[in-house]
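Right, one structure below, let's go through it.
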């Protein structure tokens, strides 16, 4: 058993001891980072979440103390009492905050011993993620991880302070709620008391925050826990956190102003400046120029429409596509003309992942133009293509002919691939944009119906409401996303605030009156009692953390994340449960 701290009080965290404490006695507590024996003197680095401080054990202080210090090993938990001394000038360590001082130990208590850790408690480690997640409590001791958790706290505190000053109320919404799946699958929770019935974990607080506006609470926010049982991607988690807000009597410009103020505060914590004015891009323009509704604006290589140039071409792959309602677009890989044929073939394989049938290319070499399609195009068509793509010798032009949706996905993603692989993206560059005027609906061919582009409570742009019956695909949503460097930070919309319009939108989504009543009857009824105009927005806290923490993995910024397979190596969840529990719930497992 370890010793106790019954009569000791920690006076300082390790990283907070400074020259101002010289000649004073302090008490620190933490973990042994390293122990070194130098010429009969033991030097020990003691670490807690604030940092590291060096402690010196000198035989002159007593043989028992020195012998005890000699037993210390990595990750032992200790309490140390000693006097702060300035380090000799030649021994100052500028790499750590406490590098000008050391503590001359007078008392040592070993509070707990430790086995040799399965991972190193250092920042630069080459350890598999599954091992790190299995021993997450050790992984979080690493200074990098500790700093990320501290930054997460600072961001949530800053958010609470800022929104409170703006008149928002922090209100919790239910975790156990009703299943109303529209998009990703719900996590279901069986009810023991009401067998055969299920709660759902919320994918977002959307319905409840709108009901809070009906309640007259005017401005709401929440650091909200959300759950989605969806197919996982590299930076998605089954449970995640949103900075969620909703406001009454506002338009989108009001929401933008509050949001930009909050983002200024959050990004300042990471020494990242926001522009004074964030540009707006319509969804249509973003898709046309970048092939994405979350465009990365840090570099060029924009998509250019060549349909008019090749509409009458003898090259039927191009002209036939245009005649059948498709389009031909291209990007200019500046300086890419000398790319190996294997590289270009790799580009073609890549665009096929996005359902493109192929990739045409034109290399403008110093000795002349090289392209497998040049013989099918006239000199004037080749010249016009080069002009549209602002081409010059040394460039590689890459073209796709297909349906507009396929062209956008293929070239938009190829653009990003080339930029990342060729270091075309400036380091420490941050380009924000608001994307507005999304389509209200998108057509789902698998379900043979329209589905909501955002969610079914988004208001249509006022002048497009009359198109709901005649041309749903043309209806724009009063919705908006804030994007940064090709990532969606968050999104929201002005909401529908009357029953008749909400029912009309539900009907456009092929929900029968019975389905509307079953899924959303309580909300429709609420809209009959005086609902203010309102709107809101939600930001992925984990994604914000990734960017401000300058890390590539969302799992680095969550204390106890799941793997890409939605499992926890630490707790071995999800796991089977006892037959007795299943019986109580009235559930049987089908093999």
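Normalised by the number of residues in the chain, what is the relative contact order in percent for Cα pairs under 8 Å and 6+ residues apart?
13
With each label point set 7 Å from Cα along the Cα-Cβ vector, what nm distance links residue 449 and residue 179?
Between residue 449 and residue 179, the simple spin-label model gives 1.7 nm.
Taking the Cβ-Cβ separation of residue 277 and residue 223 as r and a Förster radius of 30 Å, what is the calculated FRET efficiency to the nearest 0.05?
Plugging the Cβ-Cβ distance into 1/(1 + (r/R0)^6) gives 0.60.
Whole angstrom only: what separates the Cα centroid of segment 464-494 from the Cα centroid of segment 327-359?
About 31 Å separates the Cα centre of segment 464-494 from the one of segment 327-359.
How high is the FRET efficiency from residue 161 to residue 341, r the C-beta distance, R0 60 Å, rounded to 0.05?
So, using R0 = 60 Å, E works out to roughly 0.55.
What FRET efficiency would be calculated for the residue pair residue 70, residue 565, taking the C-beta separation as r and a Förster radius of 56 Å, to the nearest 0.05?
Once rounded, the FRET efficiency stands at 0.80.
I want to check the label-to-label distance for residue 528 and residue 4. Put each point 7 Å from Cα in the C-beta direction and report it in nm to one decimal.
6.6
Want the number for residue 115 to residue 81: 0.36 nm per residue separation, take away the alpha-carbon distance, what's left?
Taking 0.36 nm per residue and subtracting the Cα distance, the gain is 9.8 nm.
Rounded to the nearest angstrom and ordered from largest down, what semi-axes does the equivalent ellipsoid of segment 14-112 get from its C-alpha gyration tensor (root of 5λ)?
Square roots of five times the eigenvalues give 19, 15, 13 Å.
Hey, what number do you get for the chain at 222 nm if only DSSP H runs of n ≥ 4 count, each worth -39500 (n - 2.57), divided across all residues, to the nearest 500?
-8500 deg cm²/dmol
With 10 angstrom as the radius, rank 44, 173, 146 by how many other C-beta atoms surround their C-beta, starting from the fewest.
Neighbour counts put them in this order, fewest first: 146, 173, 44.
Along the Cα-to-Cβ line of residue 239, 7 Å from the Cα, sits a label point; which residues in segment 555-591 have backbone N less than 17 Å from it?
555-577, by backbone N distance to the label point.
May I ask for the Rg/Rh ratio of segment 175-275, computed from Cα atoms with Rh as the Kirkwood radius, given to two decimals?
Radius of gyration over Kirkwood radius for segment 175-275 works out to 1.06.
Note down the Stokes-Einstein diffusion coefficient of segment 461-591 in µm²/s, whole number, using a Kirkwood radius over alpha carbon pairs, 20 °C, and 1.002 mPa s.
110
Run the simple label-point estimate for residue 581 and residue 92 please: 7 Å along Cα→C-beta, distance reported in nm.
It works out to 5.9 nm between the two label points.
Roughly speaking, what % of Cα-Cα pairs in segment 299-421 are separated by over 19 Å, rounded to a whole number?
Summing the P(r) of segment 299-421 above 19 Å gives 41 percent of all pairs.
If you average the alpha carbon positions of segment 86-141 and of segment 417-456, how far apart do those two centres end up, in angstrom?
A separation of 43 Å, based on Cα centres.
Taking 0.36 nm per intervening residue step and subtracting the Cα-Cα distance, what contour gain separates residue 515 from residue 34 on full extension?
166.7 nm
Given the chain reduced to its alpha-carbon atoms as identical point scatterers, what log10 I(q)/I(0) does the Debye formula return at q = 0.05, 0.13 Å⁻¹?
These q points yield log10 I(q)/I(0) values of -0.33, -1.34.
Can you tell me the length gained on complete extension of the stretch residue 355 to residue 553, counting 0.36 nm per residue apart and subtracting the Cα distance?
The span from residue 355 to residue 553 would gain 68.5 nm if fully extended.
Here, each number is a calculation from the coordinates, and none is a lab measurement. Since the structure is predicted, the reported quantities are computational estimates derived from the model, not experimental observations. Virtual Cβ from ideal backbone geometry, glycine too; neighbours counted across all protein chains shown.
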